[in-house]
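Contents: one structure, followed by commentary.
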Amino acid sequence: MPNPTLNIIIEANVPYLRGVLEPYASNIRYLAAEDITPKAVEDCDAMIIRTRTRCDEALLKRSRCRLIATATIGTDHIDLPYCKSRGIVVVNAPGCNAPAVAQYVFASLMRVICKPAASHTIGIIGVGHVGSIVERWARALDMKVLRYDPPRMRAEGGDDWATLDEIAEKADIITFHTPLTRESEDATYHMADEAFFRKLRRGPILVNTARGAVVDTEALIKAMDEGYVGRAIIDCWENEPAISPELLRRASIATPHIAGYSAAGKVRASQVVADAVTTLFYLPRVHLSEPLPPACARTVTAIGVAESYDPEADTAALRARPEDFELLRNSYRLRDEAPEGKID
């Protein structure tokens, strides 16, 4: 029987959830992100959201909400200290879209680099869920790998870590896979700034599929104009959806924050947030209409990953209608992930 007192708000663009929780909660509202307002959340017990819903005191001050479950890997749109002070449980879905982001990185690189992958050195900044897959696939493609991840470096030790200066000096490709943090000792806000760009020595390709503000947009534009950065592949932008037209013009690949938009990734994320609701409110575990996908490919081939996704159509769509950034993102046709492949 449905719980007559349980009130759940679900952001309308979170897929695979419609009809799943209804048998157990009598009041479920599917709202557009812009309609998740302080008034709307006053009587909600749980919210399932994406990155477009900013969860802070302004939204939650009068709410009885006990759970915020975000169907995303990041939590920078949630004021975690405030939620903790209010006793609000926050759940995210780390790693849910990691294979799709790795697919995007390599499929985009295959469209941009002129030489075989094995001739390139890739610098990976942030070696977590996504960065670890990028590392594994890069090694499978015989690329030289430089890794930078201060929390892991401190926890694991070892001498197989690079410094940012080493990456700046030696990398042909630099790809960011960090969360966005502003105040920690490993703060990532504008970590790619003018000072960083001026250290670059090989005119590398820069890839940002992390968070827009990890890269200082104006500094990147200047670095490209001055030749410090050769090409840019940009999926995450500062000030989304009001993205920089100058960077849009200069980027070789430019997409509306859809690097992680695979069908499998969305299934993983939606199952995580559904489980968060059923666990906190002592409901039976529910299953989505789509089954959970298998683990991502252990290794890929250059041909296989290139054929699995072509970013050119998404780039053309964004260039033609940058004002439709949100529409392009929300109406994106979810793609399959890269297939398993033997090493070339």
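The values are calculated or read from the model by the stated rules, or taken from the named source; none is laboratory data. Just so it is clear, the model here is predicted, and its values are computed rather than measured. Glycine also receives a Cβ, built like all others from the backbone with ideal geometry; neighbour counts cover every protein chain displayed. The accessibility values were calculated without ligands, DNA or RNA, using every heavy atom of the protein model including side chains. Shrake-Rupley method; radii C 1.70, N 1.55, O 1.52, S 1.80 Å.
Looking at (1) under 14 Å from Cys296 (Cα atoms); (2) out of contact with any helix residue (DSSP H, G or I) (no Cβ under 6 Å at 6 or more places or on another chain), which is the only condition Ser108 fails?
Here Ser108 meets the rest and fails (1).
Filter the stretch 162-205 for residues that are within 16 Å of Arg147 (Cα to Cα) and of a type in the set (Gly, Ala, Ser) and give the result.
Scanning the stretch 162-205 gives Ala162, Ala168, Ala171, Ala192.
What's the total number of residues in the stretch 324-340 that are acidic (Asp, Glu) and surrounded by 15 or more Cβ atoms within 10 Å (Cβ to Cβ)?
Selection size over the stretch 324-340: 3.
Val229 passes all but one of (1) in a loop (DSSP other than H, G, I, E, B); (2) aliphatic (A, V, I, L, M); (3) over 19 Å from Phe176 (Cα atoms); which number fails?
That leaves (3) as the condition not met.
Out of the residues in the stretch 137-152 meeting the condition of being in a helix (DSSP H, G or I) and open to solvent by less than 60 Å² (accessible area, probe 1.4 Å), tell me which one is farthest from Val215 (Cα to Cα).
Top of the filtered list is Ala140.
Please go through the stretch 57-105 and give me each residue that is under 30 Å from Ala302 (Cβ atoms), among the small types (Gly, Ala, Ser) and surrounded by fewer than 22 Cβ atoms within 10 Å (Cβ to Cβ), ordered by number.
Hits for the stretch 57-105 are Gly74, Gly95.
So Val286 clears everything in (1) part of a loop (DSSP other than H, G, I, E, B); (2) aliphatic (A, V, I, L, M); (3) open to solvent by 30 Å² or more (accessible area, probe 1.4 Å) except one condition, right? Which one?
It is condition (3) that Val286 fails.
How many residues does the stretch 89-140 contain that are at positive phi and of a type in the set (A, V, I, L, M)?
0
Mind counting the residues in the stretch 159-185 that are part of a loop (DSSP other than H, G, I, E, B) and open to solvent by less than 40 Å² (accessible area, probe 1.4 Å)?
Within the stretch 159-185, residues that are part of a loop (DSSP other than H, G, I, E, B) and open to solvent by less than 40 Å² (accessible area, probe 1.4 Å) number 7.
Tell me which of these Arg111 doesn't satisfy, since it passes every other one: (1) open to solvent by less than 20 Å² (accessible area, probe 1.4 Å); (2) closer than 22 Å to Glu337 by Cβ.
All conditions pass for Arg111, except number (1).
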